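K.L.:
Structure in structure tokens, see below.
The values are calculated or read from the model by the stated rules, or taken from the named source; none is laboratory data. A quick note: this is a predicted structure, and the numbers were derived from the prediction, not measured. In this analysis, Cβ positions are derived from the backbone assuming ideal geometry, glycine residues included, and neighbour counts consider all displayed protein chains.
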Amino acid sequence: MPTDRPKTLLLVDDEPAQGRLIAAIATRTGWKSLRAESGKDAMLLLDSPDGKTVDAVLIDYWAPSSGDVDLIRQVAELRPELPILVITAQSKVSIAVEAMRAGATDFLAKPIAPERLVAALDAATEGQTHRGELRPLSEKVSQTLPFDEIVGSAPEFRAALAIAAKAARSRVPVLIDGEPGVGKEVFARAIHAASPRSKRPLYTLNCGATAANLIESELFGHEKGAFAGAFEKHVGKLAEADGATLFIDEIAALPPDVQAKLARTLETGIIRPIGAARGFEVDVRLISGANSDLLEQVGAGNFREDLYYRLNIVGLTIPPLRKRSGDVPPLARHLLARIAGQPGMRALGITDDALAILMRYDWPGNVRQLQDTLFRAAIECQGAALTSADFPEIAELVRQSETQGNGNTSSVHAFADGPGVALYEPDGNLRPLSDIEADVIRLAIGHYRGRMTEVARRLGIGRSTLYRKLSELGIDSAA
């Protein structure tokens, strides 16, 4: 895509007010906007000289029966590499599934924050060299998991889980550290669900997805007339979460003045909305998420030291997925089981060759990227199980890295952890020992190409014992 011209967005929408709003958001970030009121107008425009400059399409999506699905298919056929985003007021996952099967790249829910729209556009256009497999999804299917259903057996991960489970019983602040996508919100939801406050909802605020000038109002609230545009009173997250739990993600994005105000609240328990004559006391259990460099931000003077230590009464670090590649197979099976439970989706297996590819990839987006990748693959899969053919981009990246032979193990991991012997069921519980043993024996037979003497030696058992186990477990020696 040329870099000497602004990126162009085609908005397909028959609501002028929303069209003006989206155009204004796009313009502020360097995008040029075109608008079509109908699918027919959109196709005519895309086929015109002006349409050749379009870098992304945003379709206001109503329902599968509204004709929007046909429009998505037509755009995808006309311009296969053009990102297609859908924006919808529908909250049903089936809507997203139907749109993405038709060819949509991403989906966003109304009302949409300006930062989320811009991030989705940038992610779509920056990834135009990809078919879509590695693009992040803007809207996720969230689900609270209890601690015993969170999948992971790596020692560092289990240590973080143990700290979180112990902290859940108290009301002290918890700071969850880790790269984007490792599962900080999953941990926060598990902590809240296991706490005495679990009967109340978990309230959330993502500072990274909120405009800096709005964070104070979102957190503390404001009175009517407190500032230009404050036409009515707004209750902040701290007041909403009184008696409950508040999860503040990407807390490093707090502006300095809001950091000072939050530090005072943690010390006194009193919040004061913008424009209020006096404050009032709240009882909030605070959980914070940081993207691995918060202590560095403290050292650089960008984050208040006193606030850091008040947030970090209990601290834990979730390791990135690349440091626990042995967890990829059970995670993949677990995530596929969750995806299968969504409307419009079905149960799918996953083959060993697919797991081998997934284990050897670096996963810079961590578990979130793995979930997105599996979700996209599940939508497009025609068979009963995902295979390596369903992950062509990941397979190509793995191949390129291995071909380079530069010894860079940070980008691709070999089979040091074994290519996919799952320890956990999709629901997070341990598999029966006989099933695990059968998988290990099959793995050994394949690895040593059916040389049973070598298989027995490497497993530390005699040949007669090996053949007995093959009979007991119903394993063919050619497995």
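K.L.:
Taking segment 1-58 as the region of interest, how many residues are in a helix (DSSP H, G or I) and hydroxyl-bearing (Ser, Thr, Tyr)?
P.N.:
Count: 2.
K.L.:
Condition test on ALA300, is it over 25 Å from SER170 (Cβ atoms), in the same structural domain as ARG200 (by TED's automatic domain parsing) and out of contact with any Asp or Glu (no Cβ under 7 Å at 6 or more places or on another chain)? Before the answer, list the steps.
P.N.:
Numbers: over 25 Å from SER170 (Cβ atoms): yes; in the same structural domain as ARG200 (by TED's automatic domain parsing): yes; out of contact with any Asp or Glu (no Cβ under 7 Å at 6 or more places or on another chain): yes.
Yes; evaluated as a whole, the condition is true for this residue.
K.L.:
Consider THR144 against the criteria (1) farther than 21 Å from PRO364 by Cα; (2) among the β-branched types (Val, Ile, Thr); (3) at pLDDT 85 or above: it satisfies all of them except one. Which criterion is unmet?
P.N.:
Unmet condition: (3).
K.L.:
Could you please give the count of residues in segment 371-387 that are of a type outside the set (Asp, Glu), in a helix (DSSP H, G or I) and either within 16 Å of PRO330 (Cα to Cα) or out of contact with any helix residue (DSSP H, G or I) (no Cβ under 8 Å at 6 or more places or on another chain) (or both)? Walk me through it before giving the result.
P.N.:
Pass one, segment 371-387, residues of a type outside the set (Asp, Glu): 371, 373-379, 381-387.
Then keep just the ones that are in a helix (DSSP H, G or I); that gives 371, 373-379.
Of the ones still in play, those that are also either within 16 Å of PRO330 (Cα to Cα) or out of contact with any helix residue (DSSP H, G or I) (no Cβ under 8 Å at 6 or more places or on another chain) (or both) are 371, 373-375.
Of the residues in segment 371-387, 4 are of a type outside the set (Asp, Glu), in a helix (DSSP H, G or I) and either within 16 Å of PRO330 (Cα to Cα) or out of contact with any helix residue (DSSP H, G or I) (no Cβ under 8 Å at 6 or more places or on another chain) (or both).
K.L.:
Quick one: which of ALA190, ALA228 is in the same structural domain as THR265 (by TED's automatic domain parsing) and either at pLDDT 95 or above or assigned to a helix (DSSP H, G or I) (or both)?
P.N.:
Exactly one of ALA190, ALA228 is in the same structural domain as THR265 (by TED's automatic domain parsing) and either at pLDDT 95 or above or assigned to a helix (DSSP H, G or I) (or both), namely ALA190.
K.L.:
Go through segment 1-52 and count every residue that is small (Gly, Ala, Ser) and surrounded by 15 or more Cβ atoms within 10 Å (Cβ to Cβ).
P.N.:
8
K.L.:
Only one residue in ALA416, ALA444 is touching a Gly at 6+ places or on another chain (Cβ under 9 Å), modelled with pLDDT under 85 and not assigned by TED's automatic domain parsing to the domain that holds ILE95. Which one?
P.N.:
Answer to the check: ALA416.
K.L.:
Please indicate, with yes or no, whether at least one residue in segment 428-440 is modelled with pLDDT of 60 or more, at positive phi and not assigned by TED's automatic domain parsing to the domain that holds GLN371.
P.N.:
no
K.L.:
Part of a helix (DSSP H, G or I) and farther than 17 Å from ARG310 by Cβ: is that true of GLU216 in this structure?
P.N.:
Yes, satisfied.
K.L.:
State whether the residues of segment 399-407 include one that is modelled with pLDDT of 85 or more and surrounded by fewer than 12 Cβ atoms within 10 Å (Cβ to Cβ).
P.N.:
Let us first name the residues in segment 399-407 that are modelled with pLDDT of 85 or more, namely 399-400.
Adding the requirement that they be surrounded by fewer than 12 Cβ atoms within 10 Å (Cβ to Cβ) leaves 400.
The answer is yes, given that some residue of segment 399-407 is modelled with pLDDT of 85 or more and surrounded by fewer than 12 Cβ atoms within 10 Å (Cβ to Cβ).
K.L.:
Against the conditions (1) modelled with pLDDT of 75 or more; (2) assigned to a loop (DSSP other than H, G, I, E, B); (3) in contact with a strand residue (DSSP E or B) (Cβ under 9 Å, 6 or more places away or on another chain), where does LEU137 fall short? Just the number, please.
P.N.:
(1)
K.L.:
Of all residues in segment 451-471, how many are surrounded by fewer than 12 Cβ atoms within 10 Å (Cβ to Cβ) and under 42 Å from the mean Cα position of the chain (by Cα)?
P.N.:
Count: 1.
K.L.:
Further question on the same structure: Which of the following residues is hydrophobic (A, V, I, L, M, F, W, C) and modelled with pLDDT under 80: ILE87, ILE59, ILE72, ILE95?
P.N.:
Of ILE87, ILE59, ILE72, ILE95, the one residue that is hydrophobic (A, V, I, L, M, F, W, C) and modelled with pLDDT under 80 is ILE95.
K.L.:
Tell me, which helices (runs of 4 or more DSSP H) lie completely within segment 278-366 with 1 or more residues that are more than 30 Å from ILE436 (Cα to Cα)?
P.N.:
Counting at least 1 such residues, we get 294-299, 305-311.
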